[in-house]
Amino acid sequence: MSRQPLRQKKPTAVVGIGASAGGVEALSLFFDHERGGTGAAFLVVMHLSRDRASHLADILVRHSGMPVTTAEHGMRIMAEHIYVMPPGVFMTVGDGRLQLKESMIAERVPSVIDRFFNSLAQHYGDHAIGIVLSGTGADGALGLKSIKERGGLTIAQGDDGSVPMFDGMPRSAIATGIIDLQLSVEEIGPRLVSAIHDITKTDQAAEAFDSQHADRLRLEIAEILQAQLNHDFSGYKPSTFLRRVRRRMSVLELAHMEAYVDHLRKTPSEANLLFRDLLISVTSFFRDSEAFEAIERFVIPELFKGKFAGDEIRVWVPGCATGEEAYSLGMLLLEHAETVVGNTPAIRIFATDIDERALAIARRGRYPSVLLESVSGHRRDTFFIEDRDSWSVQKRLREVCTFSPHNALRDPPFSRIDLVSCRNLLIYLGPEFQSRILPILHYALRPEGFLFVGVAEGVTRHSGLFAPVSKAQRIFSKLPVAPGSAALPKLSSSARKLTEPFAATGGQMSSAAMRRQIETRILEAHTPPYVLVNAQGDALFYSGRTGGYLEFPSGAPSRHLLNNARKELRLGLRRALHDAVTSQERVVLPYVELAQDGGPRRLQLSVEPFDDGDSPLYLVLFNDQGPAPERNINPDEAVARTMEQMERDLRESRDQLQSTYEEFETAIEELRVANEELMSVNEELQSSNEELETSKEELQSVNDELQTVNHELADNVEALDQSNADLRGSLESTGIATIFLDRAWRYAASPRRRPRSSP
């Protein structure tokens with residue numbers, strides 16, 4: 001009775017639980033250890049056979065003191081209640097009520113848990129908690145991503161000491177990297193108490209985070225992230241940044257930000273976990289359909305005007321996350337290209353992000369079917385290939401999209417862009433970083449190019465750079481600027497120290513911070529420009545002031561140093577890098593004269609090994625030796641010197657080409673042999689895989705149903721055993737001999753004594 005008033009209130013949190021095979025036992029254990037009293041509501045979704053009645057609600061009643069109800073359409077969600085989804089339906093939530101919809105018989109792969117978690121995330125945000133228990137397949141992993149994107153808590157069953165009966169669903173969820181807690185079933189219930197208690201104190205925590213003390217700690221956390229990951233989050237929107245920090249504190253059960261900062265310094269892996277939380281963005285195919293309709297109507301046709309075969313339409317999507325936005329724009333461009341009469345221009349979409357994990361998903365181009373619900377059936381059939389429970393991007397759509405790591409605030413921007421779609425980035429940046437990135441996007445656009453931003457974003461601070469095309473849908477066109485002011489805006493320096501704002505707020509800079517700042521300025525002023533590369537020549541780090549020696553060509557970005565070096569330096573760089581890799585010693589080239597704006601200058605290139613204790617790296621130094629000396633020589637001598645230099649360069653080129661040719665011949669032969677073996681093995685594996693996949697789908701469906709039935713039968717057998725034991729105890733305690741006869745009056749058995757047989 002003490003909990004009755006609580007049951008009439010709205011829940012403080014809504015806990016969604018998904019399970020499949022082995023889920024009955026896992027749910028029973030969970031509710032054995034979940035005592036209630038938290039003010040939360042519990043919604044249970046399982047893979048159930050539509051042809052058989054479920055007794056799951058009756059089973060859970062025995063394991064929980066909370067009311068257990070089989071869900072009905074329109075039922076209000078109450079605190080301290082357990083709602084169980086009936087078979088044959090999809091269950092979602094909306095406006096504080098349960099919504100049931102009949103499932104399609106033809107649907108091959110169940111996605112009831114993903115759909116349920118998605119609706120839970122949309123309606124309850126950071127008050128949603130998603131739990132995946134025992135089960136086969138991957139249902140639930142995508143839905144947990146939606147919950148975490150909106151600030152909710154994600155939990156999966158299983159840890160080093162407790163393995164689920166069927167670990168397919170928990171393992172798939174854990175593999176996404178978005179799981180906050182991985183616990184045994186017995187530990188989940190008690191852990192929820194502290195998590196839900198933390199949710200009820202959101203407002204108080206937010207007020208504490210707004211203090212000047214919290215802002216100082218925020219900048220300190222950003223400095224740690226930059227030192228460990230080389231990404232500057234100091235300009236991240238403070239409220240969003242602190243909310244993500246608070247999430248990590250909740251997961252780690254840390255009460256104070258000072259304790260979290262100390263944990264972050266002592267635990268390098270925590271920086272990566274916070275980094276992932278900060279980068280999670282909400283993206284989907286054709287997100288905000290009205291905005292994409294406006295793009296299709298007003299912008300796409302303009303991009304094709306005046307362009308023919310040999311021209312290129314260039315689109316840049318910074319902060320592309322897992323690629324859905326880039327592919328959505330690609331579909332619109334390819335569809336319009338089919339309506340253009342005559343030769344059409346090439347289409348190139350540059351999709352960039354700093355999250356390598358998200359880029360790997362985008363490059364793979366394979367998405368669960370639930371993610372394509374916003375894609376029309378025609379587009380789905382035209383641009384995707386169905387692959388069991390997923391849809392893969394077709395080759396022609398994949399080929400127009402180039403995914404690469406790129407930091408829009410730090411790395412040089414793309415150039416000659418027709419359309420920039422920046423819808424997952426600006427919303428997370430504070431005013432300072434927004435003011436820096438918008439001029440960069442303006443610089444990247446062609447004259448009369450277009451900028452497409454999110455519905456919660458705008459360009460008010462830079463109204464002189466962009467004019468509205470559709471203000472409601474956040475589409476803008478580039479405005480011309482005054483002559484001479486179109487230079488590339490200043491990019492963030494990776495060496496920038498985040499302790500500078502402390503002095504601006506009146507705090508006194510520590511001696512260690514001052515020393516680091518002085519050292520940084522001295523290094524920037526007196527250290528020659530340099531590039532750190534690996535043995536293959538791929539650039540891993542650029543210092544400042546390399547613009548006089550590197551030229552980034554148009555097209556897809558390349559990290560290879562030789563592709564970006566000026567033409568006069570490529571031959572020498574190739575030879576020096578090859579010699580340094582071979583000898584593992586410092587290689588210094590003769591002086592090279594390089595044409596600059598102020599006249600020719602002498603440059604000395606050197607390449608030296610750089611030992612980082614892991615893989616061999618090499619430091620390429622550009623030592624400027626000042627203006628080249630003037631020479632007064634007659635024309636004949638100049639021609640002779642030029643011819644001599646050209647012959648020397650030609651000999652070096654021939655030697656280098658011969659060496660490269662021999663290396664390629666050897667490598668090609670090895671690859672040919674390996675390729676033949678791999679093709680043979682691949683054909684065998686492909687044949688076996690197709691057979692196994694077909695069998696797996698059938699077995700998985702049957703196994704899930706059998707497991708559920710088996711656990712229900714086990715409960716019934718246990719009840720029958722208890723009844724038999726009670727009956728036997730009753731008979732034995734009476735002390736009366738009893739003979740049991742069947743319906744035909746034949747002798748059966750006696751629990752007390754058996755009659756002696758006659759001789």
Practice problem: Report the calculated FRET efficiency for residue 305 and residue 407 (r = Cβ-Cβ distance, R0 = 35 Å), to the nearest 0.05. | Solution: 0.60
Exercise. Would you mind checking which residues have amide H under 5 Å from residue 50's amide H? H placed 1.01 Å from N; only 5 or more apart, or other chain.
Key: 88
Practice problem: Considering the options 692, 716, 682, tell which one lies farthest towards the positive end of the dipole of region 668-730, charges being +1 on Lys and Arg and -1 on Asp and Glu at the Cβ, about the Cα centre. | Solution: 716
Practice problem: Starting from the residue with the highest accessible area, list 455, 15 in decreasing order, probe 1.4 Å. | Solution: 455, 15
Quiz item: Can you give the accessible area of residue 298 in Å² (nearest 10), computed on protein heavy atoms with a 1.4 Å probe?
Solution: 90
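Report the FRET efficiency, 1/(1 + (r/R0)^6), for residue 298 and residue 677, where r is their Cβ-Cβ distance and R0 is 35 Å, rounded to 0.05. Each step should come with its number before you reach the end.
Values: r = 54 Å, r/R0 = 1.54.
FRET efficiency, residue 298 to residue 677: 0.05.
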Exercise. Using a 1.4 Å probe and counting only protein heavy atoms, arrange 736, 354, 300 so the residue with the most accessible area comes first.
Key: 736, 354, 300
Self-check item: At R0 = 25 Å, FRET efficiency that the Cβ-Cβ distance of residue 591 and residue 536 yields, to 0.05
Solution: 0.40
Self-check item: Local electrostatic count, residue 584, Cβ distance below 13 Å [Lys/Arg +1, Asp/Glu -1]
Solution: -3
Quiz item: Taking all protein chains as present, what is the carbon and sulfur share of the accessible area of region 325-418, in % to the nearest whole number, probe 1.4 Å?
Solution: 48
Self-check item: Size of electric dipole in region 285-333: Cβ of Lys, Arg +1 and of Asp, Glu -1, about Cα centre, debye, nearest 20
Solution: 180
Self-check item: Interchain or long-range residues, amide H under 5 Å from residue 158's placed H
Solution: 183, 184, 185
Quiz item: At what distance in nm do the modelled label points of residue 744 and residue 649 sit from each other, each positioned 7 Å from its Cα along Cα→Cβ?
Solution: 11.1
Self-check item: Protein-only accessible surface order, largest first, of 708, 70 at 1.4 Å
Solution: 70, 708
Quiz item: If you plug each phi of region 303-310 into the Karplus form 6.51 cos²θ - 1.76 cosθ + 1.60 with θ = phi - 60°, what whole-Hz ³J(HN,Hα) values come out, in order, with x for Gly and Pro?
Solution: 5, 8, 5, x, 10, 9, 4, x
Self-check item: Per-peptide average of other Cβ atoms within 10 Å, ordering 668-680, 250-262 highest first
Solution: 250-262, 668-680
Quiz item: How large is ³J(HN,Hα) for each residue in region 79-89, as worked out from phi by the Karplus curve 6.51 cos²θ - 1.76 cosθ + 1.60 (θ = phi - 60°), to whole Hz, x for Gly and Pro?
Solution: 5, 6, 10, 10, 10, 10, 5, x, x, x, 9
Quiz item: Quick one: putting +1 on the C-beta of Lys and Arg, -1 on the C-beta of Asp and Glu, what dipole do you get for region 1-104 around its Cα centre, in Debye to the nearest 20?
Solution: 340
Exercise. Please work out how much accessible surface residue 545 shows to a 1.4 Å probe, ignoring ligands, DNA and RNA, in Å² rounded to 10.
Key: 130
Self-check item: Fully extended contour minus Cα-Cα distance, from residue 399 to residue 463, at 0.36 nm per residue
Solution: 19.5 nm
Quiz item: Which length gain, in nm to one decimal place, applies between residue 584 and residue 263 when the Cα-Cα distance is subtracted from 0.36 nm times their residue separation?
Solution: 111.7 nm
Quiz item: About its Cα centre, what dipole magnitude does region 66-141 give when the only charges are +1 on Lys and Arg Cβ and -1 on Asp and Glu Cβ, stated in debye to the nearest 20?
Solution: 100
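The values are calculated or read from the model by the stated rules, or taken from the named source; none is laboratory data. Keep in mind the model is a prediction, meaning the values are calculated, not measured. Ideal geometry is used to build each Cβ from the backbone, glycine not excepted, and the neighbour counts take in all protein chains shown. Only protein heavy atoms, including side chains, enter the accessible area calculation; ligands, DNA and RNA are left aside. Shrake-Rupley method; radii C 1.70, N 1.55, O 1.52, S 1.80 Å.
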